[in-house]
Each structure stands twice: as C-alpha cells, then as structure tokens.
Amino acid sequence: QVQLVESGGGLVQPGDSLRLSCAASGSLSSSFMLYGVGWYRQAPGKQRELVARDTGGSTIYGDSVKDRFTISRDNAKKTVFLQMNSLKPEDTAVYYCQIVRSGVEYWGRGTQVTVSS
C-alpha cells in the first residue's frame, strides 16, 4: 500500500506564506521520480480544484494561484512541496496531495489551510 501524508497547514493571516509537504511511503510500483505529483484543494461547498501539478516534464498551476504558489519535489525523499506566498482568504481550503502513474492515483487525507485576519 502507498500512503501520502500532508503536513504544514494551519491558520495564517492574509499576505502570509505557508509551505505544505507531502511524504509518500509504502510500495511504489516505480521510482518516485516517475510519478506525476500534484496538489488539489477543496473549499467548503465547492468542488475539488487543481492547485498545481508536476508531470516531470511540465508544471501546471491553477489560474488563481499562478505567480503565488510553487510546486516542487524531492525525489530522493519521496516528498512533494507546495510553497504558498501572498495567501488570500479565498485560498482557505483543505489541500490534498496526489501522485499518479499509469492511471493509478493515490491521495492523501488533506491538510487544512485557513487564511483569515
């Protein structure tokens, strides 16, 4: 089994920064570097949306987080990061980590990010 554990969420004020981490463990079918990785979020009453995705060859960001968020990865540590700067109240959501390879997806349980003054 593969497990993803997110961390780094919390309550911050508008304009602050947070860095989320997602650590993968368990029996990956391939080297972690071959997995696509991504962050998604879901706010109350809304659908889950893409925040950022790294396929290994390209990086995609949701329109609302471009130029503020950065996805990165440490393949040796099987960890994915999301650096979030200039946070806004509308960034409040549960943030989920995902890894995918050959159509098989794994998801973490999420970490809450709340941006409020």
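The values are calculated or read from the model by the stated rules, or taken from the named source; none is laboratory data. As the structure is a prediction and not an experimental result, all values here were calculated from the model. Here the Cβ positions follow ideal geometry from the backbone for every residue, glycine too, while neighbour counts run over all protein chains shown. Side chains are part of the model used for accessible areas, which takes the heavy atoms of the whole protein and leaves out ligands, DNA and RNA. Shrake-Rupley method; radii C 1.70, N 1.55, O 1.52, S 1.80 Å.
If you check residue 24 against the conditions, is it at pLDDT 95 or above, in contact with a helix residue (DSSP H, G or I) (Cβ under 9 Å, 6 or more places away or on another chain) and within 18 Å of residue 108 (Cα to Cα)?
Values: at pLDDT 95 or above: yes; in contact with a helix residue (DSSP H, G or I) (Cβ under 9 Å, 6 or more places away or on another chain): yes; within 18 Å of residue 108 (Cα to Cα): yes.
Answer is yes for this residue.
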Could you please give the count of residues in segment 63-99 that are outside any helix (DSSP H, G or I) and over 27 Å from residue 29 (Cα atoms)? 16
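Let's see how each residue does on (1) of a type in the set (Ser, Thr, Tyr); (2) in contact with a strand residue (DSSP E or B) (Cβ under 6 Å, 6 or more places away or on another chain):
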position: 61; (1), (2): yes, yes
position: 69; (1), (2): no, yes
position: 82; (1), (2): no, yes
position: 100; (1), (2): no, yes
position: 106; (1), (2): yes, yes
position: 109; (1), (2): no, no
Scanning segment 4-28 for residues that are within 16 Å of residue 100 (Cβ to Cβ) and small (Gly, Ala, Ser), which turns out most open to solvent (accessible area, probe 1.4 Å)? 27
Residue 33 passes all but one of (1) outside any strand (DSSP E or B); (2) aliphatic (A, V, I, L, M); (3) out of contact with any helix residue (DSSP H, G or I) (no Cβ under 6 Å at 6 or more places or on another chain); which number fails? (3)
State yes or no: is residue 61 under 16 Å from residue 107 (Cβ atoms) and surrounded by 17 or more Cβ atoms within 10 Å (Cβ to Cβ)? no
Against the condition within 19 Å of residue 113 (Cα to Cα) and surrounded by 14 or more Cβ atoms within 10 Å (Cβ to Cβ), how does residue 68 come out, does it pass? yes
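Where residues in segment 100-117 are touching a residue at least 24 places away in the same chain (Cβ under 8 Å) and not in a strand (DSSP E or B), which of them is least open to solvent (accessible area, probe 1.4 Å)?
Taking segment 100-117 as the starting set, the residues that turn out to be touching a residue at least 24 places away in the same chain (Cβ under 8 Å) are 100-102, 104, 106-117.
From what is left, the residues that are not in a strand (DSSP E or B) are 102, 108-110, 116-117.
On the way: 102: 106, 108: 10, 109: 221, 110: 26, 116: 60, 117: 130 Å².
Here the answer is 108.
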Return a yes/no flag: does segment 70-77 have any residue that is closer than 27 Å to residue 102 by Cβ, free of Cβ contacts under 8 Å to residues at least 24 places away in the same chain and within 11 Å of the chain's Cα centre (by Cα). yes
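Hey, among the residues in segment 36-55 that are closer than 14 Å to residue 71 by Cα and over 11 Å from the mean Cα position of the chain (by Cα), which one's least open to solvent (accessible area, probe 1.4 Å)? Reasoning before the result, please.
Going residue by residue through segment 36-55, those that are closer than 14 Å to residue 71 by Cα are 36-41, 50-55.
From the residues that got through so far, the ones that are over 11 Å from the mean Cα position of the chain (by Cα) too are 36, 55.
Values: 36: 12, 55: 71 Å².
By that ranking, first place goes to 36.
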